[in-house]
Amino acid sequence: MKTTVQRRDPETRLGFPIWYHHHGGKMSIELFDQKNKVLIIGGNAAKIILQKASPMFPNMKGWFVDWLVIYFKPCHEKACGRSRFNKETLAAAFGLSESSGENSDWLIKRFGADSAEQGKYIRWENFLNIPCPGTGNDGDPNVSIYLNDEIRNAVRRLLA
């Protein structure tokens, strides 16, 4: 993990980074399972599942971050994906550190952020997108989350 990145403020619209969808403020904790190392953060049309990789793949280190965006429920229109994060990357994504991944400077310079890692996340202050910046409009294949104290503390406990 690289620890020093030239942070840049993003262009904003109504106080949000332009790459962040305003429904990120509606995301909340749906499940926290300390024993099994699982955290689900969701809203009406999006969900993030953080889970320790080793229970599924015994020799694997790190965390799986699964994301799901539902566009139209009746037809099951959706976008989803999975990324693998190490502990440091997960902490940075959720604002528990200010480090960024290798080769993330260009992402921060182009879109504006405090911390980022290509294909995993971008974060400015309490505004997080997984796995990438968006347009801030409906239809993007990413999940926006506003990082409140409850979410940060749950991730902190998950990583402990």
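Values quoted throughout were computed directly from the atomic coordinates according to the rules given, and no laboratory measurement underlies them. Just so you know, these numbers come straight off a predicted model, no measurement behind them. Backbone-built Cβ (ideal geometry, glycine too); neighbour counts: all protein chains shown.
As a footprinting exposure proxy, order Asp138, Asp114 by other Cβ within 10 Å, with the fewest listed first.
Final ranking by Cβ density, sparse to dense: Asp138, Asp114.
Cα to Cα, under 22 Å, and not fewer than 8 places away if on the same chain: which lysines meet these conditions relative to Lys109?
Cross-link targets: Lys2, Lys120.
Using 0.36 nm per residue of separation minus the Cα-Cα distance, give me the extension gain between Lys78 and Lys26 in nm, one decimal.
That pair, Lys78 and Lys26, stretches by 16.9 nm at full extension.
What full-extension length gain, to one decimal in nm, is calculated for Met60 and Arg8 as 0.36 nm per residue of separation minus the Cα-Cα distance?
15.3 nm
Would you mind ranking Lys35, Lys73, Lys52, Lys120 so that the residue whose beta carbon has the fewest other beta carbons within 10 Å leads the list?
Lys35, Lys73, Lys52, Lys120
Please arrange Phe72, Phe127, Phe16, Phe85 by how many other C-beta atoms lie within 10 Å of their C-beta, fewest to most.
Phe72, Phe16, Phe85, Phe127
From Cα pairs below 8 angstrom and at least 6 apart in sequence, can you work out the relative contact order of the stretch 12-159, rounded to a whole percent?
Computed over the stretch 12-159, the figure is 25 percent.
If you filter the stretch 44-120 for GluC sites (Glu not before Pro), then keep DSSP loop positions with at most 13 other Cβ within 10 Å, what is left? Display every interim value, and only then the final one.
Working: sites: Glu77, Glu88, Glu98, Glu102, Glu117; in loops: Glu98, Glu102.
Listed in order of number, the matching sites are Glu102.
To check my understanding: the extent here is largest minus smallest coordinate of the Cα atoms along each principal axis. What are those three numbers for the stretch 12-159, in Å, largest first?
42, 40, 26
Rounded to a whole number of µm²/s, how large is the Stokes-Einstein D of the stretch 13-66 at 4 °C and 1.567 mPa s, given Rh as the Kirkwood radius over C-alpha pairs?
Answer, rounded: 101 µm²/s.
Compute the separation of the alpha-carbon centres of the stretch 100-160 and the stretch 55-92 and state it in Å as a whole number.
Comparing the Cα centres of the stretch 100-160 and the stretch 55-92, I get a distance of 13 Å.
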